[in-house]
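Q: For reference, the structure I am asking about is given below.
The values are calculated or read from the model by the stated rules, or taken from the named source; none is laboratory data. None of the values given here were measured: they were computed from a predicted structure. Note that we place each Cβ from the backbone using ideal geometry, even for glycine, and neighbour counts take in every protein chain shown. Surface areas here come from the heavy atoms of the whole protein model, side chains and all, with no ligands, DNA or RNA. Shrake-Rupley method; radii C 1.70, N 1.55, O 1.52, S 1.80 Å.
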Amino acid sequence: EDDHIIVVQKPAGLLTMGTLTDKTTTVYAVLTDYVRKGYAKSRKRMFIVHRLDKDTSGVLVFAKSEEIKRRLQEGWQDVEKRYLAVVHGVPDRTSGMESCYLAENRAHVVYATRDQRNGKLSQTAWRVLESRGDRSLLELRLLTGRKHQIRVHLSNMGHPILGDRIYGHRTDTGHGLALHAVSLSFTHPASGEHVTFEVEAPHALMQLLR
């Protein structure tokens, strides 16, 4: 934390912000209460720069002002975003890049399409870090930032993320989504300094590879 941003490690199972259908505790609410220091009438608030899915853990950055939020979002395409995922199967290559157009249906499920008018270009670079049995640990770099991008790309590769009951195996239960946002690297919106924030993958995720 500094005068301009707060960076946190979000646990899996916690929403970044509330939705119309889910009013449970969120990272946004926790941080807003933190900056208000328990004073309900305080005008202090946090500003959401980006989000992680509820079941995804990892690094999140929030802004302390509208101006800092704007600066971060304007340069968001230049932010380096790295993820770790445990997937089903072993890719036939050690690295590669998935690229396709993504669209969303009325049920809010994202899918790949060849229709460039209705879909948005998405690109994910990936490499295999380790494989054991019928599971692999992948490092992923987001080159674009579309909703559910990593999950759809890996599913299309035939290697869905463990625990992904939307884009993977619907019977894949017993553990959460094995996806973790491991690091963010960007130019600090106030100081101009290049900064990197990195957190270790949760023990439970790494145990899925064992």
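Q: How much of the accessible area of the chain, probe 1.4 Å, is carbon plus sulfur, in whole percent?
A: On the chain, the fraction of accessible area on carbon and sulfur atoms equals 47 percent.
Q: Report the percentage of all Cα-Cα pairs in region 104-210 whose separation exceeds 22 Å, rounded to a whole percent.
A: Above the 22 Å cut-off, region 104-210 has 41 percent of its Cα pairs.
Q: With respect to the cross-link table entries K10/K120; K69/K120; K64/K120, which display a Cα-Cα separation exceeding 25 Å?
A: K10/K120; K64/K120
Q: While we're on this one: Placing +1 on the Cβ of each Lys and Arg and -1 on the Cβ of each Asp and Glu in the chain, which of F47, M206, Q9 has its Cα farthest towards the positive end of the resulting dipole?
A: F47
Q: Hey, got the dipole for region 1-139? About the Cα centre, +1 on K and R Cβ, -1 on D and E Cβ, debye to the nearest 20?
A: My answer is approximately 580 debye.
Q: With +1 assigned to the C-beta of every Lys and Arg and -1 to the C-beta of every Asp and Glu, and no other charges, what is the dipole magnitude of region 152-210 about the Cα centre in debye, to the nearest 20?
A: It works out to roughly 300 debye.
Q: Using the heavy atoms of the protein chains and a 1.4 angstrom probe, tell me the accessible area per residue for region 72-210 in square angstrom.
A: It amounts to 55 Å² per residue over region 72-210.
Q: At a Cα cut-off below 15 Å, give the aspartates and glutamates reachable from K81, other chains included and same-chain residues fewer than 8 away excluded.
A: Within reach: D53, E139, E198, E200.
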